[in-house]
1. Can you give me the number of residues within region 139-179 that are surrounded by fewer than 18 Cβ atoms within 10 Å (Cβ to Cβ) and among the small types (Gly, Ala, Ser)?
2. What is the one condition in (1) at negative phi; (2) free of Cβ contacts under 8 Å to residues at least 60 places away in the same chain that ILE175 does not satisfy?
3. Tell me, please, whether a residue that is polar (S, T, N, Q), within 30 Å of GLU160 (Cα to Cα), touching a residue at least 24 places away in the same chain (Cβ under 8 Å) and not in a helix (DSSP H, G or I) can be found in region 285-297.
4. Within region 28-66, can you find the residues that are part of a loop (DSSP other than H, G, I, E, B) and either modelled with pLDDT of 85 or more or exposed (fewer than 10 other Cβ atoms within 10 Å of the Cβ) (or both)?
5. Taking only pairs six or more apart or across chains, which ones have beta-carbon atoms under 7 Å, a first residue in region 191-217 that is within 17 Å of LEU98 (Cα to Cα) and in contact (Cβ under 8 Å) with a residue 24 or more places away in the chain, and a second residue that is among the aromatic types (Phe, Trp, Tyr) and part of a helix (DSSP H, G or I)?
6. Looking at region 257-275, which of the residues that are assigned to a helix (DSSP H, G or I) and without any contact (Cβ under 8 Å) to a residue 60 or more places away in the chain is surrounded by the fewest Cβ atoms within 10 Å (Cβ to Cβ)?
7. Could you say whether any residue in region 231-241 is at negative phi, surrounded by fewer than 18 Cβ atoms within 10 Å (Cβ to Cβ), of a type in the set (A, V, I, L, M, F, W, C) and without any contact (Cβ under 8 Å) to a residue 60 or more places away in the chain?
8. Checking ALA68 against (1) free of Cβ contacts under 8 Å to residues at least 40 places away in the same chain; (2) more than 17 Å from ASP252 (Cα to Cα), only one condition comes out false. Which one?
Amino acid sequence: MEKTVAQLAWKHRELLLLFMAAFAFFVVFRYGPLYGVLIAFKDFRVMDGIWGSSWVGFKHFERLFGDANFYLILKNTLLLNLYLIVFAFPAPIVLALLLNEVRHRVFQRAIQTTMYLPHFVSWVIMAGLVVYFLSPTTGVVNYAIQSLGGKPIFFMGHKEYFRSVVVLSAILKDIGWSSIIYFAALAGVNPELHDSAKVDGASRWQRVVHINLPSIMPTVAIMFILTLGGFLQSNFEQIVNLLNPVTYATGDVIDTYVYRVGLQQFQYSYTTAIGLFKSAVGLVLILSANVAVRKLSKGESGLW
């Protein structure tokens, strides 16, 4: 006898409760506020409200694409996120592959725990530590440079170093936490593959390259697609806590620009247009990346 929907719902009530909590979160904080994008096509006034403000069509988008400052900020955002993909994205994969080869489990877990800890430190504290460590007078990094015969460098006072500081601090903070999903993927690798490779005389490096890495590639592909979807989405807390007037030329990104112009100068419609442009670019990138990954993997990987 087939169970009714009500019976199935009651049987799986715990799972439904968990689902409803997540569903409510997305409805309230993700889908609910979407009507606010209307102000990108209006001259929004707080006193008139969203619906009462007058329509202006693509006025704010014309201003956006005609603003020379925006192209500089877009360039900074693209370069910074490109560096993060090139250097920060592979870092947790490499860490997971390396630690997976550690046979002493106590040592492995100690390293993992140590690498996880920075993730739980806020960027306010983390940025303060970064600035302190890079200080030309009291910083550990400059002590090391001077001990090797070099001269101290004021890293936070030179715009050329800003992107490197952002990328390295991002890796330091999140490499451990981001590696968790790859550890989980490696745990699912069939041990019989390694046993067969050992019988055939494969070295440990060969087993990592030809067994472990291909086995986690579907997970890597999905994470890469999701990362591309947020390509213009910089870590605002990190940037705003590290940024200073000297480094604006290379460090001012879309998120900090939106904060400065939108919230501090009250240009809500203009910055909403910027946000809508950023979301549209993210959607195009995530769709394109998914198509490319599916073609390269012959339909075996991808989000859908």
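1. So the count comes out to 6.
2. Against the list (1) at negative phi; (2) free of Cβ contacts under 8 Å to residues at least 60 places away in the same chain, ILE175 comes up short only on (2).
3. No, that holds for no residue.
4. PHE44, ARG45, VAL46, MET47, SER53, VAL56, GLY57, PHE58
5. Pairs that qualify, where the first residue is within 17 Å of LEU98 (Cα to Cα) and in contact (Cβ under 8 Å) with a residue 24 or more places away in the chain and the partner is among the aromatic types (Phe, Trp, Tyr) and part of a helix (DSSP H, G or I), are ILE216/TYR182.
6. The residue in question is GLN264.
7. The answer is yes; a qualifying residue exists.
8. It is condition (2) that ALA68 fails.
The values are calculated or read from the model by the stated rules, or taken from the named source; none is laboratory data. Only a predicted model underlies this, so the values are computations on that prediction, with no experimental measurement involved. All Cβ positions, even for glycine, are placed from backbone atoms using ideal geometry, and neighbour counts span all protein chains on display.
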